[in-house]
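These notes are about the structure you will find just below.
Throughout, read-outs are computed from the coordinates displayed, never taken from laboratory work. Predicted model only: the values in this text are computed from it and were never measured. Every residue, glycine as well, gets a Cβ built from its backbone with ideal geometry; the counts of neighbours run over all protein chains shown.
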Amino acid sequence: MRKLKPKSSYVLCVRNDDYRTSLILRKLYRTMPDSEAGKRGLVRVVDESGEDNLFPAKLFVPIAVPAEAEKALVSVA
């Protein structure tokens, strides 16, 4: 049986307090799994440089992305 790759998760930046140079309001960001960060109220986000960084989860809202949109987002990354 073939193992399926987990779908990516996405968040929308709704606040950029103290991170104005790192986060763009209303921008969609891909997240990386990080259970330890989640326990501390943080989320690991992939920024424009392709690097992942930790930010307070309160700055984002989780977004459900349709399969077709995710294909387009993943092919760009």
Given the Cα-Cα distance of Val46 and Arg15 and 0.36 nm per residue of separation, how much length would full extension add, in nm?
9.5 nm
Just to be sure I understand the model, the point goes 7 Å from the Cα along the line to the Cβ. What's the resulting Leu25 to Val74 distance in nm?
3.3
On a 0 to 90° scale, report how tilted helix 67-76 is relative to the longest principal axis of the chain, with both axes built from alpha carbons and the result rounded to the nearest 10.
70
Rounded to the nearest angstrom and ordered from largest down, what semi-axes does the equivalent ellipsoid of the chain get from its C-alpha gyration tensor (root of 5λ)?
22, 15, 11
Would you list Leu42, Leu25, Leu59, Leu54 from fewest to most Cβ contacts within 10 Å?
Leu25, Leu54, Leu42, Leu59
Between Pro56, Pro33, Pro66, find the one with the highest GNM mean-square fluctuation for the chain; connect C-alpha pairs within less than 10 Å.
Pro66
Counting sequence-distant residues (5 or more places) and residues on other chains, those with an amide H built under 5 Å from that of Leu42 are Ala57
Relative contact order for the chain: what is it in percent, counting Cα pairs under 8 Å that are at least 6 residues apart?
30
